Amino acid sequence: QVQLVESGGGLVQAGGSLRLSCAVSGRTFSTDTMGWFRQAPGKEREFVAVMRWSGDSIFYADSVKGRFTIARDNAKNVVYLQMNSLKPEDTAVYYCAASRNYYSSKSTDYASWGQGTQVTVSS
C-alpha cells in the first residue's frame with residue numbers, strides 16, 4: 001500500500017507562488033505514475049498534472065499549463081508541484097495520487113490518495 005502525505009499549502013495573494021510536496025512511502029517499482037488533483041467546495045475533483053516517476057512523461061491541465069510544474073526527487077521519494085502566478089480560481093484542496101496501471105488525468109484511475117493540503121489565493 002502506498003502512503004502519500006501532502007504539505008506546503010497556505011494562503012497567498014494573487015500572483016504569488018507555492019511549492020507543494022508529496023512524500024511517498026511504500027512505493028514499488030510498479031507505482032510509476034503520480035498525479036496532482038484539486039477540489040474546491042461545491043466542485044468536482046479536477047485534474048492538475050501527472051507524471052511518470054521516471055520524469056520522462058508529463059502532462060498538465062490547460063488551466064495550469066505554463067504556471068505549474070510537476071517534478072520529483074528520486075532520492076527523497078518526494079513529488080513536487082511548483083505553482084507560480086497563482087490566481088483566485090486556483091483556490092482548492094490539492095491532493096497527490098498514485099497509480100500502478102494508468103498514466104491518466106482521471107481521478108478514478110488512481111488507487112492511492114493523500115489527505116490533501118489547502119491552497120487559498122486571495123484577490
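The values are calculated or read from the model by the stated rules, or taken from the named source; none is laboratory data. The model shown is predicted, which means the values in this text are computed figures rather than measured ones. All Cβ positions, glycine included, derive from the backbone under ideal geometry; neighbour counts span all protein chains shown. Areas reflect the complete protein model, heavy atoms only, side chains present, ligands, DNA and RNA absent. Shrake-Rupley method; radii C 1.70, N 1.55, O 1.52, S 1.80 Å.
In the stretch 86-104, what count of residues is obtained for those that are buried (at least 17 other Cβ atoms within 10 Å of the Cβ) and polar (S, T, N, Q)?
2
For the stretch 111-123, what are the residues that are at pLDDT below 95 and within 19 Å of VAL64 (Cβ to Cβ)?
Once the filter is applied, which keeps residues that are at pLDDT below 95 and within 19 Å of VAL64 (Cβ to Cβ), the stretch 111-123 yields only SER123.
Under 8 Å between Cβ atoms, which residue pairs at least 6 apart in sequence (or on different chains) link something in the stretch 108-123 that is in contact (Cβ under 8 Å) with a residue 60 or more places away in the chain and among the aromatic types (Phe, Trp, Tyr) with a partner that is open to solvent by 20 Å² or more (accessible area, probe 1.4 Å) and assigned to a strand (DSSP E or B)?
Close Cβ pairs satisfying both conditions: TRP113/TYR95.
Which ones in the stretch 8-24 are open to solvent by 30 Å² or more (accessible area, probe 1.4 Å) and under 13 Å from VAL93 (Cβ atoms)?
Correct list: GLY8, GLY9.
For the condition in a strand (DSSP E or B) and over 11 Å from the mean Cα position of the chain (by Cα), what is the one hit in VAL64, VAL121?
Result: VAL121 is the single residue among VAL64, VAL121 that is in a strand (DSSP E or B) and over 11 Å from the mean Cα position of the chain (by Cα).
Are there any pairs, at least 6 apart or on different chains, whose C-beta atoms fall under 9 Å, with the first in the stretch 62-77 and closer than 14 Å to SER25 by Cβ and in contact (Cβ under 8 Å) with a residue 24 or more places away in the chain and the second buried (at least 16 other Cβ atoms within 10 Å of the Cβ) and of a type in the set (D, E, K, R), and if so, which?
Cβ pairs passing all conditions: ASN77/ARG27.
Can you say whether ALA75 is of a type outside the set (S, T, N, Q) and part of a loop (DSSP other than H, G, I, E, B), as far as the supplied structure shows?
yes
Checking ARG45 against (1) within 19 Å of SER122 (Cα to Cα); (2) at pLDDT 95 or above, only one condition comes out false. Which one?
(1)
Are there any pairs, at least 6 apart or on different chains, whose C-beta atoms fall under 6 Å, with the first in the stretch 8-22 and over 19 Å from ILE70 (Cβ atoms) and in contact (Cβ under 8 Å) with a residue 24 or more places away in the chain and the second assigned to a strand (DSSP E or B) and open to solvent by 30 Å² or more (accessible area, probe 1.4 Å), and if so, which?
LEU11/THR120; GLN13/SER122
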